[in-house]
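This report refers to the structure that appears directly beneath it.
The values are calculated or read from the model by the stated rules, or taken from the named source; none is laboratory data. In this text the structure is predicted, and so the values were computed from the model without any measurement. For neighbour counting, all protein chains shown are included, and Cβ atoms are generated from backbone atoms with ideal geometry for every residue, glycine included.
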Amino acid sequence: MRWIGALLVAAFWALALAGHATAGETVTTENVEASLISEVRAIKPGSTFTVALRQKIREGWHTYWSNPGDSGEPTTIDWTLPQGFKAGPIQWPHPVRLPFGPLVNFGYSNEVLLLVDIKAPADLLPGTQVTLRADAGWLVCEEICIPEEGALDITLPVTDGTSLKDSRWAAAFATTRAAMPRPTSWVASYGIINGQLGIFVVAPEVGRATMEEAAFFPHKGGVIRNAAEQRVEPRADGILLWTEPGSSLKAGGPLSGSRFGGVLVLRARGSQSAEAFEVTAAEGPIPVRALSSDALGTDGGETARIGLAFALLYAFLGGLILNVMPCVLPVLSIKALAFVSKSGKEMGAARIEALIYTAGVILSFVAIAATLILLREVGAEIGWGFQLQSPLVVALLASLFLLIGLNFQGVFEIGGSFQNTGQGLAAQSGSLGAFFTGVLAVVVATPCTVPFMGAAIGYAVTQSSLDALLIFAMLGFGMALPFFLVSIFPSVISSLPRPGLWMVRLKEFLAFPMYMTAAWLVWVMTLQLGSEDALFPIFVVAIALAFAAWSFGVSQRDGGPLGVIGAGLGLIIAGVFLTFISPLPVPSNGRATAEQAGSGPISQHFTPERLASLRAEGRPVFVNLTAAWCITCQVNEQVALSSASMREEFERRNIAYLKGDWTNRDPVISRVLEAYGRAGVPLYLYFAPNADHAEILPQLLTEGILLSSIESADTAEARGPQ
């Protein structure tokens, strides 16, 4: 677009001649008052001092930065200096964006100082005077552009003392230096995804601030489309800015794949002035948290539109559905035993314990929400089920389920919550048992995501803390409601069988789901660690806990201190070997789960870049974001993605299958989930060929649902916009 400036130069050449000024310290044209000013009142031999071309610009008009943008020309200064003097380059304060119709230029309005350092020779004679001359030229524009120029000079004395500052210009120089881009050691990278240029600057000290405004000004033309919107999002580790690439940076352009530099201008909320920083970006990986809708193929997801009322409804329905999910089944069996034990007792006791169980569930969900909010506020990129991304937490849960199973099989007893059927219970032990049953129910529910629940939680983590806590509390209420309703209807409780020997056998049988859950968690832990190094310590922990439980049971039945001592020794051994698991390295490549389920479609590792590349080819793409600890994910893969027929269908349709693993913490997947309004897995996306947006599939899949969703998306894309 530089030809526009050249055309205007020719069109207004007569005005340019009128704008020519004779030599002097100050020249005045119709639109600019220009002068040479010095930061010092006198020159010291051998010193370096600063002078400036000062431009006072007519209101509504502007001059240009070193990269003028879509049109215009930068100001130039040609020096004529005495022998031995040397002038440095122009030091440009950061510019502002100057929209003009469909164009955006970079420049200055009102007043600007362009600084130049001058090096004086060491053999100057004190008491003499030195004249510095400069021929300056600039293009000044409003609705029209006028090239102007002026011959300027400034005379300064030579002193053998200190070069004192000139107080007349001290404030102006200080303001200009504050607007100068500061050099940094920040690492910056850029990438182009689906036509969007992302620039990621690693700068935690900036990322923690709340940005009111941000803009990037490249030193070279063609790096960005200057008129495109610049979207910036502060992150815990820096700044992520998205805009459109310029013609030179696109594939095949002269700057494609090259490093580029520029000025990043930031203004924090509540600040009256901006700060500018020099950054140089090299092509490389970038986060995707703030990807535009085009880059990730999303229009913001359903969560951006559901509102608080529907989020509360979705949370309630999701909590209800959690009761029938396999991850909650072991705890439901505990609660079933508790209700059977109450069938021959006063209804009031059952209602009280149901209320306490409900409180345990709701408070546990609120506690998880509070922890999630707090960690996200300090920059952690986590979501629903985040605690299961820690191998040590998984090992502790496996140990807990082992102990529950041993308790069910009578190896040891805990109070009278499940054992003393037909006898009165102390109110305290029954209430405490009910509360912690609710807590345990929530802990084991975290690997599950059910319909409605994903949208509700995704909405919650983007809202205020109060709204998020309300949504999580409603999720807990929905989960606890069935047992609460059973407790307040005596006819349901009265219809339960009478307590007897069958309860003992049922309790012993229900130990096996606990053992299965413990074994599954050990499997998850080995996948998280990427090796079997943790198997020996976790097996020792299991043996030590079994010994502790047996010893404690012996002490309960026979009395004496030996059982207690044995239990304490077993717990100590278990605790020691658990510490061996904590320092084991956790792989960070996000590939803990198997790449293929059964004979199903062959998957590739998910990355935003791979997704963008496949979409650019026009291929249909199916994305599966999953985790080994997510039971819903594992069930879906076995039901919908493990058959040879599904593999053949994917191959027939040429569908690329990308699989992203969130078993261990992966900030890339966390940001993709957030971009689609989700706080946890599973997330299933289907991109029809050449589609602008992804189709979000249900969180419970069958082969029929998957194929129907694919068919519907392909048909809609082929039909085009209606």
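Given the structure, is N654 outside the structural domain of E233 (by TED's automatic domain parsing) and modelled with pLDDT under 90?
Spelling it out, it is not the case that N654 is outside the structural domain of E233 (by TED's automatic domain parsing) and modelled with pLDDT under 90.
Taken across segment 511-520, residues that are within 30 Å of N664 (Cβ to Cβ) and at pLDDT 90 or above do not occur at all. Just to be sure before I move on: is D78 acidic (D, E) and at pLDDT 95 or above in the structure I sent? It is true that D78 is acidic (D, E) and at pLDDT 95 or above. If I ask for residues that are under 21 Å from V223 (Cβ atoms), touching a residue at least 40 places away in the same chain (Cβ under 8 Å) and buried (at least 20 other Cβ atoms within 10 Å of the Cβ), which ones from segment 95-143 would you list? Once the filter is applied, which keeps residues that are under 21 Å from V223 (Cβ atoms), touching a residue at least 40 places away in the same chain (Cβ under 8 Å) and buried (at least 20 other Cβ atoms within 10 Å of the Cβ), segment 95-143 yields P95, N105, F106, G107, Y108. Where helices (runs of 4 or more DSSP H) sit wholly within segment 620-722, those with at least 3 residues that are touching a Gly at 6+ places or on another chain (Cβ under 8 Å) and under 27 Å from G307 (Cα atoms) occupy 667-675.
Those residues that are part of a strand (DSSP E or B), of a type in the set (A, V, I, L, M) and farther than 25 Å from I192 by Cβ, I need them from segment 263-275; list them, please.
Across segment 263-275, the qualifying residue is only A268.
Restricting segment 617-631 to residues that are at pLDDT below 90 and over 24 Å from the mean Cα position of the chain (by Cα), the residue that is farthest from G198 (Cα to Cα) is I631. A single member of L132, L125, L53 is in the same structural domain as T162 (by TED's automatic domain parsing) and part of a loop (DSSP other than H, G, I, E, B), and it is L125. Considering only residues in segment 350-404 that are modelled with pLDDT under 85 and of a type in the set (G, A, S), the one that is nearest to L481 (Cα to Cα) turns out to be A354.
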